[in-house]
């Protein structure tokens, strides 16, 4: 199974490290992997590096054993179809005329360029994330934040990826919709066999979907394992603050 892997990434900002010998990997077909840590620790930056959108000055990101930074032409197109990112900024709309259907069809073009054919109708892709066909025909600006997030997820799934990189994928949904979508997302991931890295402050979502969780602090991974173990009695100060900020959630994990 293809593996997306970061090895010994280094990246500085000001006088501190964003990455300090940071290593992590995500495997296609394996259970989802969670990524937690305080705000500003670099989770979003790490996902950008894994997606090939950022090249740290030291360290490597590889996909299926090939350095992502060196991919060219056909290999790069294959990577862009195989590894898809859904960030908390995916709801941004630069063109007021663009519709959900257009977003998904654009993703299907990426799939074809990457050699991944796709015959699933747009309506079925939207239905997979809990939206009806009408949402696809409406301009993105008329959709709610939660609907835009679902369209972004549908567009990512439209290429039939090997790896999904999810950065706060459900933040715009109300609590009831978030719970239902979390269950649905878990079923989708299992049925598609796609590898997932889920970065989120929503500890309940991470605990529900991810048997293994990595905790990021001080530019690196400071703890790995089930969420209940990581937050039970953390030694790292940043993790202590994270656990103290969500006492009810932590109590449920025990």
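Annotations
- Considering the range 39-67, the residues that are out of contact with any helix residue (DSSP H, G or I) (no Cβ under 8 Å at 6 or more places or on another chain) and assigned to a strand (DSSP E or B) include one that is nearest to residue 79 (Cα to Cα), namely 67.
- Hits in the range 40-53 (condition: farther than 11 Å from residue 87 by Cβ and surrounded by fewer than 16 Cβ atoms within 10 Å (Cβ to Cβ)): 40
- Filtering 22, 35 for residues that are assigned to a strand (DSSP E or B), at pLDDT 95 or above and over 28 Å from residue 125 (Cβ atoms) leaves a single hit, 22.
- Among the candidates 53, 25, residue that is in contact (Cβ under 8 Å) with a residue 12 or more places away in the chain and more than 26 Å from residue 226 (Cα to Cα): 53
- Condition met for residue 197 (touching a strand residue (DSSP E or B) at 6+ places or on another chain (Cβ under 9 Å) and either modelled with pLDDT of 90 or more or under 26 Å from residue 2 (Cβ atoms) (or both)): yes
- The single condition from (1) surrounded by fewer than 21 Cβ atoms within 10 Å (Cβ to Cβ); (2) on the phi > 0 side of the Ramachandran plot that residue 37 fails is (1).
- When residues of the range 78-100 are limited to those that are crowded, with 18+ Cβ neighbours inside 10 Å and more than 19 Å from the chain's Cα centre (by Cα), the one nearest to residue 197 (Cα to Cα): 100
- Filter pass, residue 103 being at negative phi, part of a loop (DSSP other than H, G, I, E, B) and under 21 Å from the mean Cα position of the chain (by Cα): no
- If you go through the range 81-94 and keep only what is touching a helix residue (DSSP H, G or I) at 6+ places or on another chain (Cβ under 8 Å) and in a loop (DSSP other than H, G, I, E, B), you end up with 87, 88, 90, 91, 93.
- Scanning the range 166-176 turns up one or more residues that are buried (at least 19 other Cβ atoms within 10 Å of the Cβ) and under 20 Å from residue 2 (Cβ atoms).
- Filtered residue count, the range 216-254, keeping only those that are farther than 27 Å from residue 16 by Cβ, surrounded by 14 or more Cβ atoms within 10 Å (Cβ to Cβ) and at pLDDT 85 or above: 2
The values are calculated or read from the model by the stated rules, or taken from the named source; none is laboratory data. Nothing here was measured: the structure is a model prediction, and the numbers come from that model. Cβ: placed from backbone, ideal geometry, glycine included. Neighbour counts: every protein chain shown.
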